[in-house]
Every structure is written in C-alpha cells, then in structure tokens.
1. Say we look at segment 80-101 and pick out the residues that are within 15 Å of the chain's Cα centre (by Cα) and modelled with pLDDT of 80 or more; which of these is surrounded by the fewest Cβ atoms within 10 Å (Cβ to Cβ)?
2. Go through segment 350-382 residue by residue and tally those that are among the hydrophobic types (A, V, I, L, M, F, W, C) and either out of contact with any Phe, Trp or Tyr (no Cβ under 8 Å at 6 or more places or on another chain) or loosely packed, with under 14 Cβ neighbours inside 10 Å (or both).
3. Using beta carbons and a limit of 7 Å, which pairs, at least six apart or on different chains, have the first residue in segment 213-228 and in contact (Cβ under 8 Å) with a residue 12 or more places away in the chain and the second one of a type in the set (D, E) and not in a helix (DSSP H, G or I)?
4. For segment 157-184, how many residues are farther than 17 Å from D105 by Cα and not polar (S, T, N, Q)?
5. Considering each residue of segment 290-319, count those that are modelled with pLDDT under 85, surrounded by fewer than 17 Cβ atoms within 10 Å (Cβ to Cβ) and part of a helix (DSSP H, G or I), and give that number.
6. Taking segment 114-133 as the search range and keeping residues that are exposed (fewer than 13 other Cβ atoms within 10 Å of the Cβ) and modelled with pLDDT under 70, which one is farthest from L162 (Cα to Cα)?
7. Return the residues of segment 134-156 that are of a type in the set (S, T, Y) and at pLDDT 75 or above; say none if nothing qualifies.
Amino acid sequence: MVKELDSSPNQLIILGNGFDLACGLKSSYSSFFRDRYSLHHWNTESTDIGIINDLLLKSGTLSTKFWKIDSPTIWDIIFLSNCKTTQESETNWCDIETLIQSSIDYWYSEPYWDDYSPGPWTLQYWINGGKEHSDHPEFASYIEDFLIHEGKLVNASAKTFLNELKTQLNQLEKAFGRYLNTYYAFTKFPGQYSNPNKEDERQKQVQNQKIPTYQKYARGLLKTIRGKNIRGNPQLCSVLSFNFTTPFTENAKNNDLVRNIHGITEYPIFGIDPVYTDRDGTTHVITDERSAFTKSFRVLELPTDRRYEKTLHPFRSDEPLDFIKFFGHSLGDADYSYFRTLFDDVDLVNGNTALMFLYTDDSVRTDLNTNVTHLINKYASDLPSQNQRTDLMTKLMLEGRLSILKIQDPKETNQ
C-alpha cells in the first residue's frame, strides 16, 4: 500500500532542466546557442537562421565571424549546419545529446555513397565523397575548412577522428559551463558578480536583465516538491539532478542528499545512452570506440564523488523508495538507462514505489503525458515476457502508483 504524502517517506526527487527554467534560469541549450552565436560582436536584427547564414557562408567556407565564437569547435559546425538544413529555430536543432548520438553513429558507420567506390575510411575520403555526392556538400566543406584552419587530422582514421571529436566536445562543454556561470552567478549575487574572463558588454547585458534570485526560487520549488511531514516540517529527500547548477549546496541543514550526476558548471558533461536498440528491436550495449561518448563512461571521468548508494535508499537502507518524483525532465531516451536501473531497483512491477510527475506550467502538460506514456511503455517492453502480459500503465494507475500533478509555481509563492 502506498504511503500518504505527509507520512515520512523514503523519496527520490529527479530534476531536469525544466526545474532551472521554472526558477528563471536561461539554462536551455537553445538559449546557450543563441547567446554563443549572436556573440555580441556585431549588430544584427537577423533571425536565428540569419545569424547562422552569417557564420556559415554559402561557398562552404566558414565566415570570419565563425572564428569569434568562444573556442569554436567542429560541433559548432554540426549544430549550425543542422539548423540551416532543417530550418528549425527552436530546440529541435540544438538538442545536443540527440545530435551527438546521430553524429557519432554517422562518423563511425563509415558512410559511403552508392556511386562512390568504397575505400579505406579516412576523413579526407569522407570529405571528398561528401562534397561530390551528399545532399548537403557544403557540410563536408565546412569540416574541411575547419581542419585546414586548425592544421588537424585531414588524413585521420575514423578512430583518430572520434578522439578529436571528443576533445572538441570537452571544449563545448566548458563553454556551456562558462555560459551558465555567467547567468547563474547573477542569480546568486545580483549586482555583485564580476567575471574577468567575460567581456564587460556581456556582463552589463546580463545584469540589465534583472534576473530574479534563482536560489530562492530553486529552494522554494524543491520544498514544494518534497512536501511536508505530519509535523509540518519539510520532508527529507534525496535528489538526483541532471542539471549542472548547485542551488542546494548551502542548504545542508535539511540533510538532503543531492547528486549532480552529469557534473556541475565547472565540469559539465554531454553524452549518449550506452544502450541502443537496432532496427530489429534488439538491445545492445555500446562497446566499440563510441563508448567514450556514453554517459556512463563520461561520468567515470568526473572528478566528483560518484557513490550513489544512498540516493536509491536515502534514509531507510533496508527498504525501497516509497516515491520517485520527477520534475522538469524530458524523460528522453538519452537518460533511459538511468530510469530503467531505478525501476528495476524498486521492482516497479511488483513493488509499492509510486511515480509522481510534477509540473507548474500548464503548457507542458500534453507533452508530459506523452513522455510519461513513452517512458512507462518502453520500460514495459524491456520486462521479462511473463511480466509483459500486464499493461503496466494501467496496473500502476489502478494501484495509485502513477500520477501527474500540478504544483505551485515558485515565482508565485513568497518564501
């Protein structure tokens, strides 16, 4: 039987980027790329596509403006070219992890064109084939122009080039961390922050936006999510955050256990799911050179405490979690391995753990319904055959162990 919200449960709270966004932080990938590519180095009234056309010239030669990007990388070419190709100006074109996955698979698959004779995979071979036979030959030209400019790897093998891609991904990660720090610092100490590594113009623009105090909202929202016990005090909880921000570190008096699984702003990581499903529906674990891009591999590289035993069993180590509460996570396939592990640990099918998906903005409800359904059905399809005879969604709902609930917006609450 599921315990009431005000009892004193063993609960795990999972936070995604929607948590930071709900607290007023411009932490989305789209905000990062718009900031990164508008550069504040020239005046423009262009749309996103207009700015991208300024950075990528039609001839396939990179604009001089491209080199003004903060530590430009091959990944910038990948994201910019994808935006230009798809004509998207929202998150579809800058979903970092999806594009990393497709790009790594693409480079590793040794792509050939039907009328181009196969040969040993080298980057130059790929570039020549791409310029002559692909639907978007300018993309290969951008890559070649970048490598010539940097004096790197034109004759590289697939493995060597993947290593270079990872090195340059590290550069992009650091740039994202610097971006977050610029905005995040103002939310912590409004009007009192100065970063000598940023242009004065950037600092003034951020400061003039009068960003509300992020930490205040973040702590208030977490308080709402975790609920109160029968004495009216905040419930204890463990937090597994997929964000890079750390608004709770100075709030240790509540004894919350907080883990930033993919690093913090000083060393964030981007990665891909270590498990994938092929066209035949067979599940595989990545074990080749691409494994260096998987989230599990990248987490091992972090210089942080990676012990998560108390996250799964925070306060009563001999009992499973009563609640797993989600807020602000897209529930995408890139993080599915984490969710599958959690569900297996609590024996979701036969156990008593309840799943709660929380939100504050009505505009996300439809997508949340879709994403929750996808997550539960995906997990159900991975269960042993004897458990697949039960509709897991229906079972969880009938047992009162699955709910989608709206909670109060922290910006509407006086903390």
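1. That would be T98.
2. So in segment 350-382, the residues among the hydrophobic types (A, V, I, L, M, F, W, C) come out as 354-358, 364, 368, 372, 375-376, 380.
Then keep just the ones that are either out of contact with any Phe, Trp or Tyr (no Cβ under 8 Å at 6 or more places or on another chain) or loosely packed, with under 14 Cβ neighbours inside 10 Å (or both); that gives 364, 376, 380.
Going through segment 350-382 one residue at a time, the tally reaches 3.
3. Pairs found: G227/D6; K228/D6.
4. Count: 11.
5. Of the residues in that region, 2 qualify.
6. Keep residues of segment 114-133 that are exposed (fewer than 13 other Cβ atoms within 10 Å of the Cβ), which gives 114-115, 117-120, 132.
Now drop any that are not modelled with pLDDT under 70, which leaves 114-115, 117-120.
Working: D114: 24, D115: 26, S117: 23, P118: 20, G119: 19, P120: 16 Å.
Applying the filter and picking the extreme gives D115.
7. Filtering segment 134-156 down to residues of a type in the set (S, T, Y) leaves 134, 141-142.
Result: S141, Y142.
The values are calculated or read from the model by the stated rules, or taken from the named source; none is laboratory data. Since the model is a prediction, treat every value here as computed from it, not as a measurement. All Cβ positions, glycine included, derive from the backbone under ideal geometry; neighbour counts span all protein chains shown.
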